[in-house]
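**Q** Sharing a structure with you now.
The numbers here are math on the coordinates, done by the rules we state, and not lab data. In this text the structure is predicted, and so the values were computed from the model without any measurement. Cβ atoms come from the backbone with ideal geometry, glycine included; neighbour counts cover every protein chain shown.
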Amino acid sequence: QWYQRRVRGATQGATAVVDDMEDPDAASSASSENCNLTDTFGFIVQFLLAAVAFSILVIKRYREPRYERRSFLVWSLDVSKQAIGAGFVHFFNVIASQVFFKNQDPCSLYFVNMFIDTTVGLLILYALVSLSRYLLRDGVYAWLKSGEYGNPPQAKAWLAQCGIYLAIMVVQKLLVSPLVLLPFWTKFRHFLFSPLEGHRKLEVVVVMLIVPFFVNAFMFWIQDNILMKRRKRRNSVQMEARINLLEDDQVELREALTPTANSSSTVALN
């Protein structure tokens, strides 16, 4: 009986040690199954995402009407301002998804952050930029309005507007970040990303490249319209009317100057 008690105690102790050793292994294996947004592959995908975003803005510039198209310098100032804000939001979402939420899938968390930024965040961005334009509509601070850089464009105007826009993005993230903690997002993430379990790199590509290709195409297009200098729609209509009027005048003048066989204009032209 004494020997059996000793064996039973040794067996229970060994089992406890094994259990203690298995817990960290299980945790590490669970964490290794999640995707990684900050490894080499993740940074390559993020670089491709930046290139796609820039190409979208280039296409948008050449889609603008020729008589309203911004100069290359003004367009570059608008795009660089948007790049600073988008870079802040992107790296905030990456850090929040990878560091702040332990033992959770960073890719699905990044997707939720991106979804909120594209919907609720975009509405907040529009409201804050419109508010800043209203507050700076007149007076000595009118040059701080988004898209107003002066003629010729001034570096201090661009720097000041970058600071204002970055502050707006910080306020936007502070307002929308608590929405990630809503409980229904857990089931939503599991429903969307359960087919990608065990495929970490594919999950990174889907979340960081394929989905943002469509989402950012919409978001950057709208953000560029928000940040660029506003032009009243009636100015565009007036410009088109003036162009049509000039074309009509040219036709009438050409017809008036066309000589005929027995006309006084023929004698005058001769």
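**Q** I'd like to compare 55-64, 142-151: which one has the highest average count of other Cβ atoms within 10 Å, and what's the full order after that?
**A** Working: 55-64: 13.2, 142-151: 16.0.
Highest mean packing first, the order is 142-151, 55-64.
**Q** To the nearest 20 debye, what charge dipole does region 99-240 have about its Cα centre, counting +1 at the Cβ of each Lys and Arg and -1 at the Cβ of each Asp and Glu? Can you show the working numbers first?
**A** Numbers: 16 positive and 8 negative charges, 84 e Å.
Taking the Cα centre of region 99-240 as origin, the dipole is about 400 debye.
**Q** So what's region 178-217 giving for Rg/Rh, alpha carbon basis, Kirkwood Rh from the mean inverse pair distance? Could the numbers behind the result be given before it?
**A** Details: Rg = 11.8 Å, Rh = 11.4 Å.
Taking Rg over the Kirkwood Rh, I get 1.03.
**Q** By how many nm would the segment from I84 to L192 lengthen if fully extended, with 0.36 nm per residue of separation less the alpha-carbon distance?
**A** Once the chain is fully extended between I84 and L192, it gains 35.9 nm.
**Q** In percent, what relative contact order does region 122-236 have, based on Cα pairs under 8 Å that are 6 or more apart in sequence?
**A** Working: 45 pairs, mean separation 37.8, N = 115.
Rounded, it is 33 percent for region 122-236.
**Q** On to the next question. Take F72, project a point 7 Å from its Cα along the Cβ direction, then tell me which residues of region 134-171 have their backbone nitrogen under 19 Å from it.
**A** 152-155
**Q** Same structure again: Could you work out the relative contact order of region 87-163? I mean the mean sequence separation of Cα pairs under 8 Å and 6+ apart, divided by the number of residues, in percent.
**A** Numbers: 33 pairs, mean separation 11.5, N = 77.
Relative contact order here is 15 percent.
**Q** A follow-up question, please. Give the residues of region 84-100 whose amide nitrogen is closer than 16 Å to a point set 7 Å from the Cα of V120 in the direction of its Cβ.
**A** Answer for region 84-100: 93.
**Q** Further question on the same structure: At 25 °C and 0.890 mPa s, what whole-number value in µm²/s does Stokes-Einstein give for the translational diffusion of region 34-119, with Rh from the Kirkwood sum over Cα pairs?
**A** 167
**Q** Further question on the same structure: Considering the options V207, L192, Y141, tell which one lies farthest towards the positive end of the dipole of region 99-222, charges being +1 on Lys and Arg and -1 on Asp and Glu at the Cβ, about the Cα centre.
**A** Y141
**Q** Ok, one more. I need the shape label for region 107-189. Rule: rounded when a/c is under 1.5, else prolate if a/b > b/c, else oblate, with a, b, c from the alpha carbon gyration tensor. Intermediate results must be reported in sequence, preceding the final value.
**A** Details: a/c = 3.93, a/b = 2.79, b/c = 1.41.
Verdict is prolate for region 107-189.
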